[in-house]
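Below is one structure, written out as structure tokens; the observations come after it.
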């Protein structure tokens, strides 16, 4: 089955990450949303998105396609319902489209929002809807556990090196089954504690000496954990990232650096981000109140219902050493933050500065820095990437207009 993951009305609620990727390219747990559906349905997926993102993320159409809402996370019951769809049918819940099956012409129906030509099948089961960026935080632990079962079933882990201390193994030797180490990973002289959830270590990842890791956590392909790091439950370290210090219940999408000491908790980072040494995030307000977060869909701060919520940072953004972020801070794409004191709780895209004031971080400067950062990972900043950045720069001009 050809799978097509389509952006929907919740895309603005997933900004700033979805400035530079479709909704289905969001990582939660071990896998991206598209990768989850590919595993569950044993298919190959592509993206139905809009604007310049459509040039970068290819759409593949076939005679028979399964269109799936990119804000919907799969589970066993939902997948079974999706598999039963016939051509011309669509799965809905309370008027919201979950999935539809049909030819290339169904693309126009989905993008228009006029579902009249589709035969409705009502779904009454439960599923997780990711309609706001902050919802990645409370659901990440469960998604790590589910993804771990999904991608390790029937497979054999690489052996655990004799220098590794597996906490709990002296009481329950079977606990080691909750650790999966992919081919090429280097894991020595560290502490792994899978008693509360699984630990996944991806292909060619490196866990350096003295690192302490308590599951459920995921260290994805070619990532590196620094010496003495403390990686706590709910942490997803995306591919090709370098992480040290203390990280808890945080999604790092990939290709980002937090190499040195400092605390990052209940947060979401995009790609090509860099947190300077001793950067710290507050994830809990002093009065224990629920955290509010900037919401691009309403263009104001909104309730999250979360007591623990730290930093959300878009792609290509960075901060200097000793930066401190308040609870519930959102940083856009391509921004460079430095200076003493706390940055404001909403930092727009393409600005440079800090509490003492901001100015525009010009597009060419972000491109130049991006090229250099990406070259270190042997990745090229392509013309499609530049076009996406230009589109984001133009769209976010309104948020920079009032900065002084």
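The values are calculated or read from the model by the stated rules, or taken from the named source; none is laboratory data. All values reported here derive from a predicted model rather than from experimental measurement. We place every Cβ from the backbone using ideal geometry, glycine too, and count neighbours over all the protein chains shown.
Only residues that are over 14 Å from residue 316 (Cβ atoms) and either surrounded by fewer than 16 Cβ atoms within 10 Å (Cβ to Cβ) or out of contact with any helix residue (DSSP H, G or I) (no Cβ under 9 Å at 6 or more places or on another chain) (or both) were counted in the stretch 337-359, giving 14. State yes or no: is residue 380 in contact with a helix residue (DSSP H, G or I) (Cβ under 9 Å, 6 or more places away or on another chain), free of Cβ contacts under 8 Å to residues at least 60 places away in the same chain, surrounded by fewer than 18 Cβ atoms within 10 Å (Cβ to Cβ) and over 27 Å from residue 139 (Cβ atoms)? Yes: the conditions hold for residue 380. Each residue in the stretch 78-123 was checked for being exposed (fewer than 13 other Cβ atoms within 10 Å of the Cβ), under 28 Å from the mean Cα position of the chain (by Cα) and modelled with pLDDT of 95 or more, and 1 of them qualify. Within the stretch 106-139, restricting attention to residues that are free of Cβ contacts under 8 Å to residues at least 40 places away in the same chain and part of a helix (DSSP H, G or I), the residue that is nearest to residue 10 (Cα to Cα) is 135. Residue 158 meets the conditions (1) surrounded by 13 or more Cβ atoms within 10 Å (Cβ to Cβ); (2) in a helix (DSSP H, G or I) in every case but one. The failed one is (2). Among the residues of the stretch 161-170, the one identified as touching a helix residue (DSSP H, G or I) at 6+ places or on another chain (Cβ under 7 Å) and either in a helix (DSSP H, G or I) or without any contact (Cβ under 8 Å) to a residue 12 or more places away in the chain (or both) is 169. Annotation: of all residues in the stretch 324-336 being in a loop (DSSP other than H, G, I, E, B) and out of contact with any helix residue (DSSP H, G or I) (no Cβ under 8 Å at 6 or more places or on another chain), the one that is surrounded by the fewest Cβ atoms within 10 Å (Cβ to Cβ) is 326.
Of the listed requirements (1) more than 24 Å from residue 238 (Cα to Cα); (2) outside any helix (DSSP H, G or I), residue 80 misses just one: (2). Scanning the stretch 185-194 turns up at least one residue that is buried (at least 19 other Cβ atoms within 10 Å of the Cβ), farther than 24 Å from residue 255 by Cα, touching a strand residue (DSSP E or B) at 6+ places or on another chain (Cβ under 8 Å) and in contact (Cβ under 8 Å) with a residue 24 or more places away in the chain. Here 90, 100 are screened, and the one residue that is assigned to a strand (DSSP E or B), assigned by TED's automatic domain parsing to the domain that holds residue 34 and touching a helix residue (DSSP H, G or I) at 6+ places or on another chain (Cβ under 8 Å) is 100. Inside the stretch 286-311, residues that are within 20 Å of residue 248 (Cα to Cα) and surrounded by 16 or more Cβ atoms within 10 Å (Cβ to Cβ) make up a count of 9.
When the stretch 127-138 is filtered for residues that are more than 16 Å from residue 68 (Cα to Cα) and out of contact with any strand residue (DSSP E or B) (no Cβ under 6 Å at 6 or more places or on another chain), the ones remaining, listed by number, are 132, 135, 137, 138.
Of the strands (runs of 3 or more DSSP E) lying entirely inside the stretch 171-267, those containing at least 1 residues that are at positive phi are 251-254.
For (1) outside any helix (DSSP H, G or I); (2) surrounded by fewer than 21 Cβ atoms within 10 Å (Cβ to Cβ); (3) free of Cβ contacts under 8 Å to residues at least 24 places away in the same chain, each residue gets a yes or a no:
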site	(1), (2), (3)
21	yes, no, no
37	no, no, no
51	yes, yes, no
58	yes, yes, yes
63	yes, yes, no
66	yes, no, no
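Condition check: buried (at least 24 other Cβ atoms within 10 Å of the Cβ), in the same structural domain as residue 367 (by TED's automatic domain parsing) and touching a helix residue (DSSP H, G or I) at 6+ places or on another chain (Cβ under 8 Å). Does residue 267 satisfy that? Taking the combined requirement at face value, the residue satisfies it.
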